[in-house]
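The values are calculated or read from the model by the stated rules, or taken from the named source; none is laboratory data. Treat the numbers as computed from the prediction; the structure is a model and nothing was measured. So basically every Cβ, Gly included, is an ideal-geometry build from the backbone, and we count neighbours across all protein chains shown.
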Amino acid sequence: MLSQQLLLVIQLLQQTCVFLVIAWLLSKTPLFTPLMQVTIRLPHKLTCYVVFSAFCILGTFLGLKVGESIANIRAIGAVLGGLLGGPSVGLAVGFTGGLHRYSLGGPTDLACMISTITEGLLGGLIHRALIRRGRVDLLFQPMLVGVVALAAEMLQMLIILAVTRPYATAFAVVDSVALPMLTANSIGAAMFMRLLLDRRAMLEKYSNAFSAHALRIAARTEGLLRAGFNEANSQKVARIISEETGVGAVAITDREKLLAFTGTGADHHLPGTPITSEHTMQAIRDNRVVYADGNEVAYTCSIHSECRLGSTLVIPLQDADDQVIGTIKLYEPKGRLFARLNRTLGEGIAKLLSRQILTGRIEAQKALLTQSEIKLLHAQVNPHFLFNALNTINAVIRLDPDRARGLVQNLSTFFRKNLKRPEETVTLADEIEHVNAYLQIELARFGERLKVEVDLPYIYAQVRLPAFSLQPIVENAIKHGTSHLLGSGHIRLFAEAGKKADTLLVHVEDNAGLYPPRKTAGDGMGMGLVDRRIKARFGSEYGLEVAFEAERYTRITLTLPLGSVDA
Amino acid sequence: MRALLVDDEPLARSELRALLEEDATLTITGEAGNAIEAMQAINQQRPDVVFLDIQMPRISGLELVSMLDPGQMPHIVFVTAFDEHAVRAFEEHAFDYLLKPVSAERLGKTLARLRKTSATAGEAAAPPDYSLLPGQRALRQLPCHGHNRILLLPLDAVESVTARLSGIYLVDTAGQEHFTELTLKTLEEKTPLLRCHRQHLIHPDQIAEIRLNDSGGADIITRSGQSVPVSRRYLKPLKESLGLG
């Protein structure tokens, strides 16, 4: 009898092994991730219920028929469900597993159902008790789990004895299955927990390594690409990534060319050369990660047939609008596998670098804005003109104090107009007032060397144009034109109706012919800007034109809409 | 002390004149309204000091300095209304300069300093090294006087230069002669023109042929067919600079 019982112990332990193998396989899936901690949230509890109910049923399924009852390992699922999910999950798992057992019938069906529910509840109650005492750590102790399973099984035996009738049948069942089930369930439950613990330890190690790499790369590349997305900075970043990930090679590209390459194959993957890899082009075109493992997706180097690189991962770098601005590529040589860690890490690095490049661009834009603000201020203050004007007035005070007072008035009119916001539109009369204030001072300054002729019919006085359109052009005509003449300079400012209906042409002409049309000149308040502002305001048929004959004349013509009188 | 005023703005000159006239020890020899007039006045009047505006038509004050013969350089006091770049250079090399509008006090200090230097060092005072100034690059345009007018002759229009008793003449590719205030020495130093004779310079790109003669010298035939003598003394250095040596 005893030998028969021992045989059953061994047989049931074999079944337990099968059970555990299935558990081990499942532990490789994400399904197990929520089971590795004490579950609090509903989705986790649900997973917990589903998984352990399945194991509960599996426990019954793998059981051994002994007479009319089943020597089983159902308790493992019920107890673990309770321990990890709490009383509610324990109860639910026990109920599901119990119901399944009940459906199989036999003399002990009712007892087994009740006891399975009790087992789940027991696990749940211990879960609650330990949580209340703040001893969560004990929950994951395989020894404790084994003891709980042992107690649960003992409870089951008692319930069978108490519920099953006739008592003789109950006793016979308990007598034959008690030892195998007590042994298999406690060992099985303990080992199941051990399995969960190992899995958790491995994941932690994996994510620790991941975090360490990611943090080190983040720290070491900090600010590098912010200073500019160029070859020199990319090369530094590529080297750091290569050192930290240990991949075969690392490349960084922009949309057109290779910016940096380090590692295997650096002799023919030369920075500055255009992109030739089909995978990279695809990544840029489709804005997605392209992985050519060299196995399912073929990879051959597009540059050199004897390149030792055998697989590549291309990850796009994106700007704020998710547009591709380049790629980062990780390679492994032939015969080496791409570590999954590096694939995930690669995507993280791409995000990090994208962010850095973006920050850099924003900073550069800010700097540019500040620069153009300074430029505008400079144009408003116009220091060269100001000091020359002061010098002129200084001289006139000695010669003709009344005229000097007039010039001071002109100077203040000029600066008052200069300090207006340039986005406003003004009437031609306003603009002429600005020009006149300016010209009065220049006329005093250059004396006999400058003659100005203004012929603007009064009917055009109310035509509107962007502020600062005319004065800078007159100023250019003197500054870059007549002031460079050894002889006398002439400026003509006149207006006429355009050939096209409802247009007005305003001409500014000098007799120097010294400055060729340079619309793109970086001069802050230059002609290019005047042209753009008129076009932006009135449309592309209006704007600024330059007629020029070397040493004879430069004539700037503004074409304005006449109809804007009432605008 | 004799002073020349150079500024293209008449009011600026009159103001400076009014300030300088308060100093009894100073005589104003003349005024010039541009760099070419100034060069002429410097050569004729030989002033001790030139008050020189920087911003002037065609040839700036800084360029004018580069056209003057370092051996006959008067003392220069630069005058400017606003030129950060030049002022930085003046500060750096301790050149005299005045900011417009000129204050009487500052002008007084400058004059005091000028008197001190000329008194201690006398005629032997070494002129400051004006080649340290910005804008001292090679000359591209050569100012000269035509009939009744001032002309800026592009360097590449010059075939040769001839020195006569009456002055220095630029000979252009059409064979026309233009009087210039520039000295042979300045032309030799500040342009690619090469010395071929004590009295002649030649533009290397205009040489068509060099004909050696019996006396050990040679004659250059220019592209336009003119002949320029090469003396024995300058033949070898000329051939060397042409890469024929």
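Could you check region A:453-511 and list, in sequence order, the residues that are among the hydroxyl-bearing types (S, T, Y) and under 25 Å from B:P143 (Cβ atoms)?
Those that are among the hydroxyl-bearing types (S, T, Y) and under 25 Å from B:P143 (Cβ atoms): A:T482, A:S483, A:S488.
Taking A:R398, is it among the basic types (K, R) and at the interface with chain B (Cβ under 9 Å from one of its Cβ atoms)?
Answer is yes for this residue.
Here is a list: B:A86, B:A35, B:A41. Which entry is within 14 Å of another protein chain (Cβ to nearest Cβ), touching an Asp or Glu at 6+ places or on another chain (Cβ under 9 Å) and hydrophobic (A, V, I, L, M, F, W, C)?
Result: B:A35 is the single residue among B:A86, B:A35, B:A41 that is within 14 Å of another protein chain (Cβ to nearest Cβ), touching an Asp or Glu at 6+ places or on another chain (Cβ under 9 Å) and hydrophobic (A, V, I, L, M, F, W, C).
Looking at (1) at pLDDT 90 or above; (2) under 19 Å from the mean Cα position of the chain (by Cα), which one does B:S103 not meet, given that it meets all the others?
Only one criterion is unmet by B:S103, namely (2).
Counting residues that are hydrophobic (A, V, I, L, M, F, W, C) and touching a residue at least 12 places away in the same chain (Cβ under 8 Å), which strands (runs of 3 or more DSSP E) fully inside region A:282-393 reach at least 3?
Ranges flagged: A:309-318, A:324-333.
Here are some residues: B:T120, B:T110. Which one is β-branched (V, I, T), outside any loop (DSSP other than H, G, I, E, B), more than 20 Å from the chain's Cα centre (by Cα) and at pLDDT 85 or above?
B:T110
Considering only region B:196-245, give the strands (runs of 3 or more DSSP E) lying wholly within it that have at least 1 residues that are hydrophobic (A, V, I, L, M, F, W, C), touching a Leu at 6+ places or on another chain (Cβ under 6 Å) and touching a residue at least 40 places away in the same chain (Cβ under 8 Å).
Working: elements: B:200-202, B:207-212, B:218-222, B:227-230.
Here the list reads B:200-202.
Yes or no, residue by residue, for (1) at pLDDT below 90; (2) loosely packed, with under 15 Cβ neighbours inside 10 Å; (3) among the polar types (S, T, N, Q):
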| position | (1), (2), (3) |
| --- | --- |
| A:I114 | no, no, no |
| A:L122 | no, no, no |
| A:L125 | no, no, no |
| A:D137 | yes, yes, no |
| A:V163 | yes, no, no |
| A:P166 | yes, yes, no |
| A:L179 | yes, no, no |
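Kindly provide the set of residues from region B:1-32 that are over 24 Å from the mean Cα position of the chain (by Cα), hydrophobic (A, V, I, L, M, F, W, C) and facing another protein chain (nearest Cβ under 9 Å), ordered by number.
B:L11, B:A18
For region A:87-112, which positions are crowded, with 21+ Cβ neighbours inside 10 Å and either of a type in the set (D, E) or not in a helix (DSSP H, G or I) (or both)?
A:T108
On the given criteria, is B:V49 without any contact (Cβ under 8 Å) to a residue 40 or more places away in the chain, more than 11 Å from chain A (Cβ to nearest Cβ) and more than 22 Å from B:F179 (Cβ to Cβ)?
So B:V49 does not fit the description; no.
Quick one: is B:I168 at pLDDT 90 or above, part of a strand (DSSP E or B), within 21 Å of B:L155 (Cα to Cα) and more than 26 Å from the chain's Cα centre (by Cα)? So that I can check it myself, show each step before the final result.
Working: at pLDDT 90 or above: yes; part of a strand (DSSP E or B): yes; within 21 Å of B:L155 (Cα to Cα): yes; more than 26 Å from the chain's Cα centre (by Cα): no.
No.
Tell me, yes or no, whether region A:222-231 has at least one residue that is on the phi < 0 side of the Ramachandran plot and at pLDDT 90 or above. Can you show your working first?
So the first thing to find is which residues in region A:222-231 are on the phi < 0 side of the Ramachandran plot, and the list is A:222, A:224-227, A:229-231.
The next check asks that each one be at pLDDT 90 or above; those that pass are none.
No, the conditions are met nowhere in region A:222-231.
Could you run through region A:434-466 and say how many residues are within 53 Å of the chain's Cα centre (by Cα) and either of a type in the set (V, I, T) or more than 18 Å from A:T503 (Cα to Cα) (or both)?
The qualifying residues number 4.
Name the single residue that is nearest to the other protein chains (Cβ to nearest Cβ) among those in region B:89-108 being of a type outside the set (D, E) and farther than 27 Å from B:N43 by Cα.
B:P101
Within region A:450-471, work out how many residues are surrounded by fewer than 21 Cβ atoms within 10 Å (Cβ to Cβ) and either outside the structural domain of A:E509 (by TED's automatic domain parsing) or assigned to a helix (DSSP H, G or I) (or both).
So the count comes out to 3.
Limited to region A:113-145, what total is found for residues that are in contact with a helix residue (DSSP H, G or I) (Cβ under 7 Å, 6 or more places away or on another chain), of a type outside the set (A, V, I, L, M, F, W, C) and farther than 21 Å from A:A92 by Cα?
1
Just name the residue that is farthest from A:L439 (Cα to Cα) out of those in region A:500-517 that are at pLDDT below 90 and out of contact with any helix residue (DSSP H, G or I) (no Cβ under 9 Å at 6 or more places or on another chain).
Filtering region A:500-517 for residues that are at pLDDT below 90 and out of contact with any helix residue (DSSP H, G or I) (no Cβ under 9 Å at 6 or more places or on another chain), the one farthest from A:L439 (Cα to Cα) comes out as A:K500.
Quick check: is even one residue across region A:410-424 within 14 Å of chain B (Cβ to nearest Cβ) and out of contact with any strand residue (DSSP E or B) (no Cβ under 7 Å at 6 or more places or on another chain)?
The answer is yes; a qualifying residue exists.
Each row is one residue, and each column tells you yes or no for (1) surrounded by 13 or more Cβ atoms within 10 Å (Cβ to Cβ); (2) of a type in the set (V, I, T); (3) modelled with pLDDT of 80 or more.
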| site | (1), (2), (3) |
| --- | --- |
| A:A339 | yes, no, no |
| A:I349 | yes, yes, yes |
| A:Q356 | yes, no, yes |
| A:T359 | yes, yes, yes |
| A:E373 | no, no, no |
| A:H378 | yes, no, no |
| A:V381 | yes, yes, no |
| A:F385 | yes, no, yes |
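Being among the small types (G, A, S) and assigned to a loop (DSSP other than H, G, I, E, B) is the filter here; which residues of region A:473-507 pass it?
A:G487, A:S488, A:G498, A:A501
Does A:V546 qualify as being farther than 15 Å from A:T425 by Cα, in contact with a strand residue (DSSP E or B) (Cβ under 9 Å, 6 or more places away or on another chain) and either of a type in the set (A, V, I, L, M) or outside any helix (DSSP H, G or I) (or both)?
yes
Can A:V463 be described as in contact with a strand residue (DSSP E or B) (Cβ under 7 Å, 6 or more places away or on another chain), under 30 Å from B:P10 (Cα atoms), β-branched (V, I, T) and away from chain B (no Cβ under 14 Å)?
Considered against the rule, which asks whether it is in contact with a strand residue (DSSP E or B) (Cβ under 7 Å, 6 or more places away or on another chain), under 30 Å from B:P10 (Cα atoms), β-branched (V, I, T) and away from chain B (no Cβ under 14 Å), A:V463 comes out as no.
Working carefully through the options A:G94, A:G85, A:G90, A:G67, find the one that is in contact (Cβ under 8 Å) with a residue 60 or more places away in the chain and assigned by TED's automatic domain parsing to the domain that holds A:A190.
After ruling out the rest, the residue left standing is A:G67.
What's the number of the condition A:M202 fails, among (1) without any contact (Cβ under 8 Å) to a residue 24 or more places away in the chain; (2) more than 30 Å from A:L150 (Cβ to Cβ)?
(2)
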